[in-house]
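Just so it is clear, none of the values below were taken in a lab; they were calculated from the coordinates. A quick note: this is a predicted structure, and the numbers were derived from the prediction, not measured. Don't worry about glycine lacking a Cβ; one is built from the backbone with ideal geometry, like all the others, and counts go over all protein chains shown.
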Amino acid sequence: MIWSVSNMQLFKNCPRKWFFSNNVVRGKNLDNIQQNIKSLKSIQTIYAWRGILVDSIITNQIIPILNKKQELLPQNLIDNARNEAMNQIHSIQNSSFNFSLFEIEYENNLDDKILKQCLDDIELSLRNLLKSKFIQEFYEHGTRLVAQRSFSYNNGNFTVRGKPDVLAFYDNRPPMIVDWKVQQSSHMDHLKQLSVYAVIVSKCNPHKDLVQEWNHLLDPTKIDLLEFQLLHGRERMYNIDEDDVVEIEDFIFTSGSSIIHMFGDKKYPEIKYSSVPTTQNPYYCSRCKFKKICWEDID
């Protein structure tokens with residue numbers, strides 16, 4: 001089993017959604033249920049798509065420029081992002097992209113006002129990043145940014161995995177784990193997610209291209225943590241202590257064990273999806289990408 005913060009949250013919100021996402025689509029010869037679930041897995045809400053696009057622009061365009069210490073040209077990046085967004089929307093509407101939108105799949109409608117707001121949000125998020133303290137400090141003292149790298153270790157019961165948005169290294173300060181958020185609410189505390197990343201990085205084997213930097217990553221209490229709410233331009237710095245590390249390790253073990261306790265080693269089709277508990281939150285259920293198949297057994 002693969003444990004991650006997102007997987008744990010998925011299981012907590014709805015075990016059946018976790019089951020659809022992790023335990024059904026396996027192998028090459030898929031039955032009808034597996035094929036349907038594979039198709040539904042690719043659906044994203046337009047708000048999730050907004051965040052994915054921002055992550056992509058940062059990872060593929062901004063980070064390489066920063067690593068070369070070249071000049072960032074805000075308007076060029078904004079124009080590229082808007083063009084990429086519209087190209088993707090066009091492809092999604094013509095069913096030629098690698099995922100679909102919930103609003104199109106279930107509601108048959110992509111509201112122009114919502115789309116415009118998402119485009120404006122993408123621009124605002126990038127502008128807030130480009131003028132941020134994080135960018136300024138990296139130009140002055142940064143040595144390397146590593147984006148969207150997976151780190152993992154095995155705790156003896158399951159594999160623990162995390163993919164920080166950015167791992168930043170500096171010449172005069174500790175390394176930093178950065179997590180971008182593109183959300184309307186600026187009051188969500190993502191310290192636990194960042195803390196999990198710090199613990200995972202400190203426990204996994206060094207990546208071949210990070211050997212020189214690895215000694216600075218062995219102690220999670222010595223890693224700076226940055227939550228960046230891009231829509232609001234808000235940068236929140238955190239650090240954790242040894243008690244926090246113990247709490248995070250217990251959180252990982254306890255939450256992972258609860259998943260194992262429910263499913264054991266059994267997978268689909270040994271477990272029928274109709275026997276797996278669902279969320280008790282009607283709103284969460286109504287916005288679920290799997291509801292086409294999940295609701296089939298409801299009279």
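Descriptive notes on the structure:
- Segment 211-258: GluC sites (Glu not before Pro) in DSSP coil with no more than 10 other Cβ atoms inside 10 Å: none
- Residues Arg127, Arg50, Arg173 in ascending order of nearby Cβ atoms (within 10 Å, fewest first): Arg173, Arg127, Arg50.
- Look at Lys181, Lys272, Lys113 and count the other Cβ atoms within 10 Å of each Cβ; fewest to most, that gives Lys113, Lys272, Lys181.
- Two-decimal Rg/Rh across segment 152-253, once Rg and the Kirkwood Rh are taken from alpha-carbon atoms: 0.97
- For segment 103-166 and segment 180-251, distance of Cα centres in Å: 15 Å
- Membrane-span-like helices of the chain, defined as complete DSSP H segments with a Cα extent of 20 Å or more along the helix axis and a mean Kyte hydropathy of at least -0.5, are identified as 112-130, 242-263.
- Charge tally for Phe99 (other residues, Cβ to Cβ under 15 Å; Lys, Arg +1; Asp, Glu -1): 0.
- Measure of compaction for the chain (Cα Rg per 2.2 N^0.38 Å): 1.07
- Amide H contacts of Ile43: Ser100, each under 5 Å away and 5 or more positions distant or on a separate chain (H built 1.01 Å from N in the peptide plane; Pro and chain starts excluded).
- Residue exposure proxy: Arg234, Arg82, ordered by other Cβ atoms within 10 angstrom of their Cβ from fewest to most, comes out as Arg234, Arg82.
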